Amino acid sequence: MALNFTSDTKRLICLAILLGIYLLSGAAVFQVLENENDKLEVQQLNSVKRFFLKKHNMTSEDFDFLVERVESAVKHRCGNDPDQWCTSRWTYYASVYFTWSVVTTVGYGHLAPSTVGGRVFCMIFALFGIPLNLMVLRHIGDRVNQVISYIHYFVETKLLHQKPEVVATKTLIWTLVVLILMLFVGAVLYLQEEQWNFLEGVYFCFITFSTIGFGDLVPNGGQAPTDVVGIIMELLRAVVVLLGVSMFFSIITSVLTASEELRVNFPSGKCLDSTEKGSADLQGDMRSEEKAKTEDPGGRIDIEDIKTGSDEASKEESSISNKLVNDSKERVNEQVQKDGVHQEPGTNDKLTYPGGG
């Protein structure tokens, strides 16, 4: 039994295959780029473990316990005064930072709920917060695109004195340019406070704008700024990130819309099969009708019968017309007799009046 797929199904299959090839190819590239460096780090860590076990006469279990405690200390940003070596991570600022990372689906991973109540509330909060945030980002992105379109229209009509054209594609290009500029601006802003190089700043901004959010780089560990300059920089960064995320979503929407307009429609096997089946059925009906005419003369449609029926109908119409004419003549004669007008016989129904020629 042959499988028949619609055009959309065939397109879905092709896109799924393309996505699979893209993922597998990307995995191969990442493995080539990262595997060697990761092997070196693993060798160094194994050397550190052997050194601690030998120098401090530790068992493997004690060393693993120490590593777990160190990981927990790093999460809590421990390293302050010995009396307050570690501080709570769930300050109000850190909580706001976390809620923002949830609704934007960035999810840096540096802070996450660990209690049952916190995890349940996180799911409920994200269920309603993510759609709300998407609506806000979409409207912000639309406004940014409108501003870019207006600027482009103004430049073409007022400055270049050119006839305005459809600017949808040009708007997309200018939006990409502005997004790239915002990546650079955001990187510069983060370089002022963080111990990052320029590439790390651009990388962090892109990961944030695209809401990937690995969490390998987190500004100030998600903690609140401690001075006025830090607060001002944090506000500027928040504006850049908000615009960047909005524009990124707008670009993705524009690309998807363009792909829908330019997509290739695959022929539908189901429709083709239906058409062929319909044609075959029609031909079969025609053959059956011809066969019935040959085998059953009484059931055939005779052209002479059609002509005879047409003649009889014409005769019937003519009889009705003659009857109406005769009735009209009788009424006229009756009216003439009442008025003293008589008709002479043999005068082809000519009316004569007394005293008239």
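Here the gap between E193 and A238, fully extended at 0.36 nm per residue and compared with their Cα-Cα distance, gives a gain of 14.8 nm.
For D62, the solvent-accessible surface computed with a 1.4 Å probe is close to 80 Å², ligands and nucleic acids excluded. Look at the Cα gyration tensor of region 8-110: its axes a ≥ b ≥ c give a/c of at least 1.5 with a/b at or below b/c, and that counts as oblate. Within the assembled protein chains, the solvent-accessible surface assigned to R89 is about 40 Å², based on a 1.4 Å probe.
Accessible surface area normalised per residue over region 130-234 is 62 Å², counting heavy atoms of protein chains with a 1.4 Å rolling probe. Between D64 and V42, what is the label-to-label distance in nm when each label sits 7 Å out along the Cα-to-Cβ direction? Output for this residue pair reads 1.8 nm.
The accessible-area ordering, largest first, of the residues Y203, Y153 stands as Y153, Y203, per a 1.4 angstrom probe.
Heavy atoms only, probe 1.4 Å: what % of the accessible area of region 1-144 goes to carbon and sulfur, would you let me know? Within region 1-144, the accessible surface is 66 percent carbon and sulfur.
For V155 and V74, the FRET efficiency from 1/(1 + (r/R0)^6), where r spans their Cβ atoms and R0 equals 51 Å, is about 0.50.
Taking all protein chains as shown and a probe of 1.4 angstrom, T91 keeps an accessible surface of around 50 Å².
Take each peptide in 186-193, 228-235, count the other Cβ atoms within 10 Å of every residue, and average; sorted highest first, the result is 186-193, 228-235. Counting only protein chain heavy atoms and rolling a 1.4 Å probe, the accessible areas of I212, I148 rank, largest first, as I212, I148. Residue ranking by accessible heavy-atom surface, 1.4 Å probe, largest first, among W196, W90, W174 comes out as W174, W90, W196.
The values are calculated or read from the model by the stated rules, or taken from the named source; none is laboratory data. Since the model is a prediction, treat every value here as computed from it, not as a measurement. Methodologically, a virtual Cβ is constructed for each residue, glycine included, from the backbone with ideal geometry; neighbour enumeration extends over all protein chains shown. Surface areas here come from the heavy atoms of the whole protein model, side chains and all, with no ligands, DNA or RNA. Shrake-Rupley method; radii C 1.70, N 1.55, O 1.52, S 1.80 Å.
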